[in-house]
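Undergrad: Okay, here's the structure, questions in a sec.
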Amino acid sequence: MNRNNRLVRFTHRPEGRPSPEIFALAMQPLPALKAGEFLGRNCYLSMDPALVGRMRGESNYAETVEPGETMHAYGLTQVIESRHPAVKVGTVLLGRCDMQEYLIASDASAFTRINLGLAEPTAYLSAVGITGATAYFGLFDLGRPKAGETLLISAGASSVGSIAAQLGKSFGLRTVAIVSSEDKAEQAKQEWGYAAAVSYRGKSIEQLSADIARACPNGVDIYFDNTSGDISEAVLDHFNDFARHIVIGRLGISHLSDTRQDVGRRDNNAILAKRIRKQGMVLLDHKPRMMSAIVQLAKRVRHGEIQLKDDVLEGIENVPKAFFRMLNGESQGKQLVRLAEIDLSADSTPRWPGRLITARWFPTAALARLLAR
C-alpha cells in the first residue's frame, strides 16, 4: 500500500526564543520496507521542554536536530507492518517517533514495548515514562528528601513538576510551586496539592524573590529547578544550609540561541556559604534502574496516588501549536498530540503481568529493589 507521511520539518536554528517559523509542514512518500525494518503509525506525540535544547547547535546531553530534518519528539507508535523478526504487528512502542505520522525503523532496541496492563497508553508519556522517572530520580536520588523539608518546584504545574510535587507531598515534604500566572498558582494548589504557589510573569527578580520568601518562611531545602535563568536567581537567597539544587531543565532561558548568553548573579557565594549541593539531572544516567521506578510509579497511578492531567490536540497540523502551548506555559496538563487511535485489540502483549505487579497486595517495592540491582 502506498502511503504518504506528513511531518513537521525543522527549518533553521532559532536566533533567540523559538518562533513558529522554525517549523514547516511537509509530506513525503513512504518507501517500501526492507528486510529487518518495521513500519509504525505514530499515535501520540509528547511535547517536552527538552526539545528546545535539541534545536541549539551547542553541546547537549541529547542528540541535536539538524535543519531540514524531521523535528525530534518522543511518542507512542503502533506497528502496522513488519519485516523485522523480533517486532510483531500490533505492538505498541514507546520511543523517539519524531513529529511525523509514520516511522520506519530497524533498531528495535531503540524502543520500549509498553504493557497495556501496567498503565493506560498516554500514561507512558507522563508519569509512567520519561517524565515520571525524571521526577522520581530527581527528587529521591538527587534531592535526598527528609520529611518536613520544603520542596520548591519551578514550572510547578508542568507535567514533571506536578509529579514531583505529588511524590514530595506523599513523602511528607511541604511543596511550593513557581508558575507563570496567578491563575496557574491557584490551579496548582487545587490540583496538585501545593501548600503555596507564586507567579513570576511580569515580576523583577527582586519581586519574585520577595514572593518566594513569603511562600517559604522556613527557607528552601530542595529546589527542583525546571527553568534556570532569572527564576532560579530569585531562589538564591532562600536556600537553607545543605540545601539540594536539582537542575532539571532550562525552560527559563529558552529565549537564548546559545546558553552562554545567559547572564546573571553568580551563585558560588551562596553555594559556599550555605554548602549547597547543585547537580544536573539527566535521565540517561539512571537508565539501568528505569524499570524499578516505572513499576512503582505505575502502581501509584493505578491506585490514584498520582493524578494525571493531559492536554491533547489533534492532528499533525497542530503539532507546532502544541509545542508552543507547552513552551509558553499555556498547557492545561501534559501536552500531547493525538495522530491516530491505538488499536488495543491488535496488541497481543499479555496484560496480566502489568495488572499483577500493580495490584495493591503485590510487593511492588520488593520487585523494584530487584530490578534496581
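Undergrad: Can you run down the residue pairs with Cβ atoms below 6 Å, 6 or more apart or on separate chains, where the first is in region 356-373 and under 16 Å from LEU118 (Cβ atoms) and the partner is of a type in the set (Gly, Ala, Ser) and surrounded by 11 or more Cβ atoms within 10 Å (Cβ to Cβ)?
TA: THR358/ALA298; ALA368/SER292; LEU371/SER292
Undergrad: Here is a further query. State all residues of region 146-172 that are in contact with a strand residue (DSSP E or B) (Cβ under 6 Å, 6 or more places away or on another chain) and not hydroxyl-bearing (Ser, Thr, Tyr); if no residue qualifies, say none. Full working, then the answer.
TA: Looking only at region 146-172, we keep the residues that are in contact with a strand residue (DSSP E or B) (Cβ under 6 Å, 6 or more places away or on another chain), and these are 149-154, 156-157, 159, 161, 164-165, 168-169.
Answer for region 146-172, where residues must be in contact with a strand residue (DSSP E or B) (Cβ under 6 Å, 6 or more places away or on another chain) and not hydroxyl-bearing (Ser, Thr, Tyr): GLU149, LEU151, LEU152, ILE153, GLY156, ALA157, GLY161, ALA164, ALA165, GLY168, LYS169.
Undergrad: While we're looking at this one, here's another question. Scanning region 52-89 for residues that are farther than 13 Å from ALA105 by Cβ and acidic (Asp, Glu), which turns out modelled with the lowest pLDDT?
TA: If we take residues in region 52-89 being farther than 13 Å from ALA105 by Cβ and acidic (Asp, Glu), then GLU58 is modelled with the lowest pLDDT.
Undergrad: So is GLN207 modelled with pLDDT of 95 or more, surrounded by fewer than 22 Cβ atoms within 10 Å (Cβ to Cβ) and part of a helix (DSSP H, G or I) or not? Explain how you work it out, then say what you get.
TA: On the way: modelled with pLDDT of 95 or more: yes; surrounded by fewer than 22 Cβ atoms within 10 Å (Cβ to Cβ): yes; part of a helix (DSSP H, G or I): yes.
Yes; evaluated as a whole, the condition is true for this residue.
Undergrad: Kindly list, by first and then second residue, each pair from a residue in region 231-260 that is buried (at least 16 other Cβ atoms within 10 Å of the Cβ) and basic (Lys, Arg) to a residue that is in a loop (DSSP other than H, G, I, E, B) and modelled with pLDDT of 95 or more, limited to pairs with Cβ atoms under 6 Å and residues at least 6 apart or on different chains.
TA: Final answer for the pair search is ARG244/GLY143.
Undergrad: Here's a follow-up. Taking into account only those residues within region 204-227 that are touching a Leu at 6+ places or on another chain (Cβ under 6 Å) and of a type in the set (Ser, Thr, Tyr), which is farthest from ASP241 (Cα to Cα)?
TA: THR227
Undergrad: Can you tell me which residue is surrounded by the fewest Cβ atoms within 10 Å (Cβ to Cβ) among those in region 261-270 that are outside any loop (DSSP other than H, G, I, E, B) and modelled with pLDDT of 75 or more? Walk me through how you get there before you give the answer.
TA: As a first pass, look at region 261-270 and keep what is outside any loop (DSSP other than H, G, I, E, B): 261, 268-270.
Now narrow it down to the ones that are modelled with pLDDT of 75 or more: 268-270.
Numbers: ASN268: 8, ASN269: 10, ALA270: 19.
By that ranking, first place goes to ASN268.
Undergrad: Looking at (1) in contact (Cβ under 8 Å) with a residue 12 or more places away in the chain; (2) over 27 Å from ARG260 (Cβ atoms), which is the one condition that is false for GLU58?
TA: Only one criterion is unmet by GLU58, namely (2).
Undergrad: Checking ASP183 against (1) surrounded by fewer than 18 Cβ atoms within 10 Å (Cβ to Cβ); (2) under 30 Å from ARG201 (Cα atoms); (3) touching a residue at least 24 places away in the same chain (Cβ under 8 Å), which test does it fail?
TA: The number of the failed condition is (3).
Undergrad: Select, from LYS278, LYS299, LYS274, the only residue that is touching a residue at least 60 places away in the same chain (Cβ under 8 Å), among the basic types (Lys, Arg) and in contact with an Asp or Glu (Cβ under 9 Å, 6 or more places away or on another chain). I'd like the intermediate steps shown before the answer.
TA: Numbers: LYS278 fails: touching a residue at least 60 places away in the same chain (Cβ under 8 Å); LYS274 fails: touching a residue at least 60 places away in the same chain (Cβ under 8 Å).
Step by step, each of LYS278, LYS299, LYS274 is checked, and only LYS299 is touching a residue at least 60 places away in the same chain (Cβ under 8 Å), among the basic types (Lys, Arg) and in contact with an Asp or Glu (Cβ under 9 Å, 6 or more places away or on another chain).
Undergrad: Using the structure shown, decide if ALA298 is under 17 Å from the mean Cα position of the chain (by Cα) and outside the structural domain of ALA119 (by TED's automatic domain parsing). Before the answer, list the steps.
TA: Numbers: under 17 Å from the mean Cα position of the chain (by Cα): yes; outside the structural domain of ALA119 (by TED's automatic domain parsing): yes.
Against the criterion (under 17 Å from the mean Cα position of the chain (by Cα) and outside the structural domain of ALA119 (by TED's automatic domain parsing)), ALA298 qualifies.
Undergrad: May I ask you to list the residues in region 210-242 that are in a helix (DSSP H, G or I) and within 24 Å of MET281 (Cβ to Cβ)? It would help to see each step written out before you state the result.
TA: Pass one, region 210-242, residues in a helix (DSSP H, G or I): 210-215, 229-233, 236-238.
Within region 210-242, ILE212, ALA215, GLY229, ASP230, ILE231, SER232, GLU233, LEU236, ASP237, HIS238 meet the criteria.
Undergrad: For region 122-132, state whether one or more residues are crowded, with 23+ Cβ neighbours inside 10 Å, under 24 Å from PRO350 (Cα atoms), out of contact with any strand residue (DSSP E or B) (no Cβ under 8 Å at 6 or more places or on another chain) and β-branched (Val, Ile, Thr). Before you say what the answer is, go through the steps one by one.
TA: In the first step, residues of region 122-132 are kept if they are crowded, with 23+ Cβ neighbours inside 10 Å; the result is 124-129, 131-132.
Pick out the ones that are also under 24 Å from PRO350 (Cα atoms) and you get 124-129, 132.
Filter again for out of contact with any strand residue (DSSP E or B) (no Cβ under 8 Å at 6 or more places or on another chain), leaving 127-128, 132.
Cutting the leftovers down to β-branched (Val, Ile, Thr) gives us 128.
Looking for residues that are crowded, with 23+ Cβ neighbours inside 10 Å, under 24 Å from PRO350 (Cα atoms), out of contact with any strand residue (DSSP E or B) (no Cβ under 8 Å at 6 or more places or on another chain) and β-branched (Val, Ile, Thr), one finds at least one in region 122-132, hence yes.
Undergrad: Looking only at region 329-341, decide whether some residue is surrounded by 14 or more Cβ atoms within 10 Å (Cβ to Cβ), farther than 20 Å from ILE248 by Cα and among the small types (Gly, Ala, Ser).
TA: Taking every residue of region 329-341 in turn, at least one turns out to be surrounded by 14 or more Cβ atoms within 10 Å (Cβ to Cβ), farther than 20 Å from ILE248 by Cα and among the small types (Gly, Ala, Ser).
Undergrad: Please go through region 176-197 and give me each residue that is under 19 Å from the mean Cα position of the chain (by Cα) and among the hydroxyl-bearing types (Ser, Thr, Tyr), ordered by number.
TA: SER180
Undergrad: Then there is this: Which pairs have Cβ atoms under 8 Å, sit 6 or more apart or on different chains, and link a residue in region 61-88 that is free of Cβ contacts under 8 Å to residues at least 24 places away in the same chain to one that is surrounded by 13 or more Cβ atoms within 10 Å (Cβ to Cβ) and not in a loop (DSSP other than H, G, I, E, B)?
TA: From residues that are free of Cβ contacts under 8 Å to residues at least 24 places away in the same chain, the pairs are ALA62/ALA50; ALA62/GLY53; ALA62/ARG54; GLU63/ARG54; THR64/ARG54; THR64/MET55; ALA86/ALA108.
Undergrad: Further question: Assess whether GLU330 counts as being assigned by TED's automatic domain parsing to the domain that holds THR364, modelled with pLDDT under 95 and of a type in the set (Asp, Glu).
TA: yes
Undergrad: What is the one condition in (1) touching a Phe, Trp or Tyr at 6+ places or on another chain (Cβ under 6 Å); (2) surrounded by fewer than 20 Cβ atoms within 10 Å (Cβ to Cβ); (3) farther than 19 Å from MET55 by Cβ that LYS309 does not satisfy?
TA: Unmet for LYS309, out of (1) touching a Phe, Trp or Tyr at 6+ places or on another chain (Cβ under 6 Å); (2) surrounded by fewer than 20 Cβ atoms within 10 Å (Cβ to Cβ); (3) farther than 19 Å from MET55 by Cβ: (1).
The values are calculated or read from the model by the stated rules, or taken from the named source; none is laboratory data. Keep in mind it's a predicted model, so treat the numbers as computed, not measured. Because the Cβ atoms are built from the backbone with ideal geometry, glycine has one as well, and the counts that use them run over all protein chains shown.
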